[in-house]
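The values are calculated or read from the model by the stated rules, or taken from the named source; none is laboratory data. Note that this is a predicted model, so its numbers are computed, not measured. We place every Cβ from the backbone using ideal geometry, glycine too, and count neighbours over all the protein chains shown. Please note that ligands, DNA and RNA were not included when accessible areas were found on the heavy atoms of the full protein model with its side chains. Shrake-Rupley method; radii C 1.70, N 1.55, O 1.52, S 1.80 Å.
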Amino acid sequence: ASKKLGKNSFSFFEKSMKDTLNRQSSMEDALKGSLQRNEFHVVYQPKYEMKSNTVVGFEALIRWDNADFIGIGPDDFIPILEQIGLINEVGMFVLDNALKMIKQWRDLTQKPLQVAVNISPVQFTDPLLFQLIQQALTQYDLPGQALEIEITEGVLLEGTKDLKKTLYNMRDADIAIALDDFGTGYASLSYIKDYPINAIKIDRSFVDEINKNKTHTSIVKAVILLAHSLDFHVTAEGIESEEQLDYLKSLQCDIAQGYYLSRPLTADKIIDLLSVYCNSNPC
Ligand code: C2E
Ligand code: MG
Ligand code: MG
Ligand code: MG
């Protein structure tokens, strides 16, 4: 009997593994033509400056519109795009869209709004990355300050000598560099001080624990204090309540982002948001 059960559970395992592999390969196939079929679009999540309560920028976040893969988000498909060698192309699509939009929004408001674009570690292996970014800024007649690059610790860990050069080139071009998901990995602030990083984004998992878990609440407080003493700006991501916002404000956290303030919105909705904002505080 135990032999039979063993055999059954093996075939069950085999089946679910097959399903996973099939799904992975059909997702790969679907992703291969998705750029050409215009299945990607970019949404923008506003970033608010805490001390003035105003929108100072947006984070560009990619979305995939494919009827066979509804609900599949970038956390699922970005790794596949990296594996199949399409992340550079898709990354440039996001950058182009982000710069086109921020140009319009800056012109509309006459404010120095900034757009943040997530760049995957794989994109940093492209020796042309910096040049492509510069070309795109020139194409839209934008200064470097209009752009912020969000990188994760993975970029620093996998980094070569060229990585430092690329990051310094960006800094010299006035492009801001933020370290995303801070607190989830091993990066310490003293270690990242070796790189030209302007800002850290405290990960949502820490923001989530504010006032729920004493240790995590203390960590958030300590990280903000230390980050400021090292001249990093601090963004808090994933703010979902007034309580979290108030606590972060009391710690002089610089920038706030999260569903409590605004979900990621399509470019059309951002225009609406900016026009309301222009009407209430003359641009
Ligand atoms: P991320 O850069 O850390 O982005 C934050 C994620 O948290 C986004 O998920 C955003 O929609 C979500 N979020 C924002 N506020 C809240 C909140 O209050 N509560 C909750 N529960 N979630 C919130 P999204 O858009 O699914 O993106 C997931 C990740 O995929 C991003 O994490 C980023 O690492 C990656 N990603 C997204 N777009 C791109 C892209 O264009 N290029 C690259 N390389 N990666 C991207
Ligand atoms: Mg990000
Ligand atoms: Mg993040
Ligand atoms: Mg993330």
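Couple of notes before you dig in:
- Simple spin-label estimate for residue 165 and residue 205 gives 3.5 nm between the two label positions (7 Å along the Cα-to-Cβ direction from each Cα).
- Rg over Rh [alpha-carbon atoms, Kirkwood Rh] for the stretch 142-283: 1.00
- Checking every one of the trypsin sites (Lys or Arg not before Pro) in the stretch 42-150 against DSSP loop status and a limit of 11 other Cβ atoms within 10 Å picks out 51.
- Cα centroid separation, the stretch 177-226 to the stretch 66-98 (Å): 26
- Ratio Rg/Rh [Cα only; Rh per Kirkwood] for the stretch 146-220: 1.04
- Whole-number percent relative contact order across the chain, with pairs defined as alpha carbons under 8 Å at least 6 apart: 18
- Signed unit charges on C-beta, dipole axis of the chain, positive-most listed residue 56, 74, 24: 24
- Neighbourhood net charge (15 Å Cβ-Cβ; Lys/Arg +1, Asp/Glu -1) for residue 250: -1
- Full-extension gain in nm, residue 131 to residue 36, via 0.36 nm per residue minus C-alpha separation: 31.8 nm
- Net charge of Cβ neighbours under 15 Å - reference residue 128; Lys, Arg +1; Asp, Glu -1: -3
- Simple spin-label estimate for residue 52 and residue 241 gives 3.0 nm between the two label positions (7 Å along the Cα-to-Cβ direction from each Cα).
- Per principal axis, descending, Cα span of the chain in whole Å: 75, 48, 43
- Cα-based convex hull, the stretch 184-231, per residue volume (Å³, whole number): 72
- Over the chain, accessible surface divided per residue gives 53 Å², non-protein components excluded, 1.4 Å probe.
- Estimated FRET transfer efficiency when R0 is 41 angstrom, pair residue 252-residue 22 (beta carbons, to 0.05): 0.20
- The stretch 60-171: C-alpha gyration tensor shape, a/c 1.5 cut-off, then a/b vs b/c: oblate
- Accessible surface of the chain [probe 1.4 Å, protein heavy atoms]: carbon and sulfur percent: 52
- Across the stretch 181-263, C-alpha contacts under 8 Å between residues 6 or more apart give a mean separation that, scaled by the residue count, equals a relative contact order of 29 percent.
- For the chain, the 222 nm mean residue ellipticity estimated from helices alone, with every DSSP H stretch of n ≥ 4 adding -39500 (n - 2.57) and the total spread over all residues, rounds to -15500 deg cm²/dmol.
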